[in-house]
1. Quick one: B:Ala450 ticks every box in (1) aliphatic (A, V, I, L, M); (2) in the same structural domain as B:Met348 (by TED's automatic domain parsing); (3) in a loop (DSSP other than H, G, I, E, B); (4) in contact (Cβ under 8 Å) with a residue 60 or more places away in the chain bar one, so which box is it?
2. Within region C:223-246, identify whether any single residue is among the β-branched types (Val, Ile, Thr), over 14 Å from the mean Cα position of the chain (by Cα) and within 30 Å of C:Ile42 (Cα to Cα), and answer yes or no.
3. Just to check your reading of the model, which residue among C:Ala291, C:Ala328, C:Ala273 is over 18 Å from the mean Cα position of the chain (by Cα), more than 14 Å from every other protein chain (Cβ to nearest Cβ) and touching a residue at least 60 places away in the same chain (Cβ under 8 Å)?
4. I need the helices (runs of 4 or more DSSP H) fully contained in region A:111-176, keeping only those with at least 3 residues that are free of Cβ contacts under 8 Å to residues at least 40 places away in the same chain and among the aliphatic types (A, V, I, L, M).
5. Scan region B:137-146 for residues that are modelled with pLDDT of 95 or more and open to solvent by 60 Å² or more (accessible area, probe 1.4 Å) and jot them down.
6. Could you tell me whether C:Ala152 is open to solvent by 20 Å² or more (accessible area, probe 1.4 Å) and under 15 Å from C:Val264 (Cα atoms)?
7. What residue, of B:Ala21, B:Ala33, is touching a Leu at 6+ places or on another chain (Cβ under 9 Å) and either open to solvent by 20 Å² or more (accessible area, probe 1.4 Å) or of a type in the set (A, V, I, L, M) (or both)?
Amino acid sequence: MAPAGYRRGVETAITTRVDGTTRTTRVDTRTTLLDLLRERLGNTSPKKGCDHGQCGACTVLLDGRRVLACLTLAVTTHDHDVTTADGLAPDGDLHPVQQAFLDNDAFQCGYCTPGQVCSAVGALAELAQGHPSHAGDITADPEPTRAEIAERMSGNLCRCGAYTNIITAVEQAARG
Amino acid sequence: MNTIGQDIPRRDGHAKVTGTATYAYETPADNAAYCALLQATIAKGQVTEIDITDALALPGVLTILTPGDVQKLTPVENTELHVLQDNEIAYRGQIIGAVIADTSDIARHAVELVHFTYHVDEHDSAYSPDRDDLYTPDKLVTGAPADTSTGDVDAAMRTATHTVDHVYSTATNHNNPMEPHATTALWQDDTLILWDSTQGVHAVRTTLAEVLDLRPDQVRVICPYVGGGFGAKGEPHAPVVIAALAARALPGRPIRLALTRAQMFVLVGYRTPTTQHTRVAADDTGRLTAIAIAATGQTARIREYVEHAGAATRMMYAAPNRATSHRVAALDVAVPTWMRAPGECPGMFGPEVAIDELADALGIDPIDLRVANEPDVDPESGNPFSSRNLVACLRQGADRFGWADRAPRRDGDWLVGTGVAAAVFPAFTMRATAAIRYDQGRYTVEIGAADLGTGAWTVLPQIAADALEVPLDQVDVGIGDTSYPYASTAGGSTGTATWGSAVLAAVETFRDKFGTDPNDGDEAEGTHDQGPFNEQYATYAFGAQFAEVRVHADTAEIRVPRLLGVFAAGRIINPRTARSQFIGGMTMGLSMALHENSELDPRFGHVMNHDFAGYHIASCADATDVRAFWIDEEDPHVNPLGAKGIGEIGIVGTAAAIVNAAHHATGVRVRDLPLTLDKLLPGLP
Amino acid sequence: MRPFDHQTPANAHTAVHLAAAHPTAAFLAGGTNLVDHLKLGITHPDLLIDLSAATTAAITELDGRLLIGAGARNSDIAADHRVRTRYPALAEALLSGASGQLRNMATAGGNPLQRTRCAYFQDTTTPCNKRRPGSGCAALGGFTRGHAILGASDHCVATHPSDMAVALTALDATVHVLGPDGERTIPFVDLHRLPDDDPTRDTVLDHGDLITMIELPDSPIARQSRYRKVRDRASYAFALISVAAALEVTHGVITDARLAFGGVAHKPWRARAAEQILIGEPATDDTYRLAAETELANARTLDGLDGGNAFKVPLLIRTATAVLRQLAEEPR
């Protein structure tokens, strides 16, 4: 085998359902889900803020759970379901979380926002399933308090400093 | 009909919550190629050899730019733009080449296959306020002198009954907007199109045209959305020049270049560390007899940028004896730049903590102490303030915050205290032109402005609608494109005031020419250009920052459960977007206070914690209750719009308020940022 | 990032044999650390063995013991009712780590094998004995605020970053490993190693060894356990120090104890000496403090460009004391 340095990329065909549409592509095994979406499939809703799992801007829902697209290799999403913030608003009809972000001005530059939105949708689902967090008593059923929401949203950095409004927006969405 | 002052939702909101707003890298383009940067791994020296054989052999690699092998660039003042002109390396991480390939995976892989050989020179990257080669800059970035002195501070310090004399310091901070700097560049038909992440499309065009030896009309810069900037996108940096060179190397092919987060710590500027030797003297009543600051910082050897941390002390409080100075160390480090409230943000740390220390020593409430030292006129220029409502901010803030009953207390495991600090930021405007066109019942405003999240997409139509006296939904706006009239960069908190004043001028011209019943296609322009500085008045926004701090009695962990700010910033166009800017600045100030610290290792010459796991910015759990209020302020002197700018003042004073509150809670006085638990721990019982 | 093949073997045996046949293969589980390392150029595997089909995510019970499949996600482990009630320190440790998104990705098998976040390890342009043997330790003389105070060597002063591993260390977990030569179990406390003169090795696992399961013993004391993490940010930050503890107190006297520290060493640090001090003594602050001080008697702190890490000693003593006090005063 040639030294790794000189190898060309290894390509694999994958089929992934993105925002409700089945997409079949040949991807380099190195390609992350984030780059697949942004650079191959033309879906730039998830953002690249750090590319190392340290900011949350790339958050998408994978089979309904929030994950980081930058640390997910595209090949591992074969036969899986990916939802971006764009996919949360089919035909432009905003998801309640998106509407709450609008209502509470829970963003400024907007770059972290699609990741915040996907993260909030995932976090609210986790809350509804009774998943505990660091902010509460792990033996009790969690409530969507400001402290719980803040802890659960802390994987999404916002440099514009919209946190206070983000918490309020997620509170609003949690009330339904 | 009056929309100014109304709570109007963002026009770009739908696009942003769905992620369909297209930032620079995301510009739709067929057959794009991807650019990855090659960076020096030494801090000083020369590239002596470059081996690109392996990289070029990689299928999918299109071309590799290397030093001396690109277009000769025109020298400009901003020397960091002279990329790849020679083999010299002036700081670790400097761009020494770029790979362009069919995919980003291939481009990044090829970077690993390029081999550099260096001649290494000894470098010196160690900042210290005690260096023996500190120098005095010719002038500050504001044009003001580096040093000022009135009266005799030393004598006042000797004779005063109460003095504070300490050294305070702020850390190196990196702007780190969430969107790393990015460009999509296309060279086609002798024209360069740059979709660039910038705070000012016209500034990029002007500079890039000059550097690349093109006519301005050969360069078009487009930027509808910016993922934050905070000063780092205030002027073009080296990467956009690389993107342009790459585009010229591959005509017709769109080139995409986005910085990595690690590159954000070296290629696009930062706030330098500052050391602030601060002295205040007062009589028994708390009347200041002297205030002085000697500020020291660093700059890059290849380009001077001096953080003007002493500026605010010149105008903040009345004291007969005043002195300020700036000294700087030129080092083999990356080039610093503006970062949110340059000068005032770090410069209101030392003095505002010193005032708190003085209040403590005197046994006077720190609000009362500040009120007692309100100047009648600007102490520096002698000019009256166009408006100065610091006292109103302090008083209203005290009421809203619950300042009166502020004895430090213990709540379970937590020691609780409160603190206050003042904020200030100059109010000025730049030059801009707006165009207004009428067509089929709708007005369109066009101006080369930028919306960094500040709300320009939303507030400029408000200003136009009110001036035109038409409903808001009859006004469209276009920004972020050099095909629109010239607008100043979004910086210095001048955006809304400058562009809004240009819109007012355009409306006036339009109505003068076409009246209230225009025909389709009628169009007029108006320009705002009153010069940045007001000759008759001292023009500043003011504010008061209040913080509650909790310190864990066992671990010294620090939390800020409440921040409250009251600001006097002229006319507020849109309370919704204004509030977000204020609380955003305060949140960044909290982040500066508790977390931000770029750790430059002088042995290597670069910042080691160059990611978001190492360089902490505040997370959601750090800033859960940040509130901003403002007082209604009419200031007819600042500009036609009466707005002072709100993007920066929110960060000023926040760190001092938090440090003062931590002292109130624990009795431990920390004078160097960031305030981390290891600094409080030794003082806890 | 260099190219690599990607295979998804159907079971653990195939995965292990595949790895054994490829000296530069790497197992891919949640990917939260490995994919990061691929991007940083820290590791260059030419084959990724995707474990999504080879390991189980199931959490099952056997004779009172809890068996956590290596593929179980951190968030699912923390949400498991049995973990929350019988091993609360583990749930708390998991929930104090990383972010919601990362916990949905990171697995039981992968989390303990994550590598240090030492900046000099992660920056491939600086020397690091862990990354490039013999190149030197750049942390010495550099920024050391996050570095080790126990068990470090002249070759490496890195700390292990996992929270989960600290709880597993305290709670007497066992690791089930499938290797090229078959199955074996390793007490969790013996999984990680000190750097000594070979910091390239974080654990006692050899190439091809695959963690298939993590086993928690039937342990009454584990019900009285807590995990306390001290960090710079209120959330989403690595530990400066952490304490996992379990305490059994009868009539004011400590009858049994488990104690482990995080953020202080190349491995999760089981505080055996402290446990010896605690057992049989009155449940008082003096006892707790003495126990922690005894464990840290041999601590070696580092100077650094950032003021070093000496603060970790008093911080850890105070935190351990507080955690033990809380366990005694507020039984779960």
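The values are calculated or read from the model by the stated rules, or taken from the named source; none is laboratory data. All figures in this text were calculated on a predicted structure; none of them were measured in a lab. Every residue, glycine as well, gets a Cβ built from its backbone with ideal geometry; the counts of neighbours run over all protein chains shown. Accessible surface is based on the protein model in full, side chains and every heavy atom, while ligands, DNA and RNA are left aside. Shrake-Rupley method; radii C 1.70, N 1.55, O 1.52, S 1.80 Å.
1. With respect to (1) aliphatic (A, V, I, L, M); (2) in the same structural domain as B:Met348 (by TED's automatic domain parsing); (3) in a loop (DSSP other than H, G, I, E, B); (4) in contact (Cβ under 8 Å) with a residue 60 or more places away in the chain, B:Ala450 is out only on (2).
2. yes
3. C:Ala328
4. A:146-152
5. Scanning region B:137-146 gives B:Asp138, B:Lys139, B:Pro145.
6. So C:Ala152 fits the description; yes.
7. Residue meeting the stated conditions: B:Ala33.
Residues are listed down the side, and each one gets a yes or a no for (1) among the charged types (D, E, K, R); (2) within 20 Å of A:Ala150 (Cβ to Cβ); (3) under 15 Å from the mean Cα position of the chain (by Cα):
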position	(1), (2), (3)
A:Asp81	yes, no, yes
A:Asp86	yes, no, yes
A:Pro90	no, no, no
A:His95	no, no, yes
A:Gly115	no, yes, yes
A:Ser119	no, yes, yes
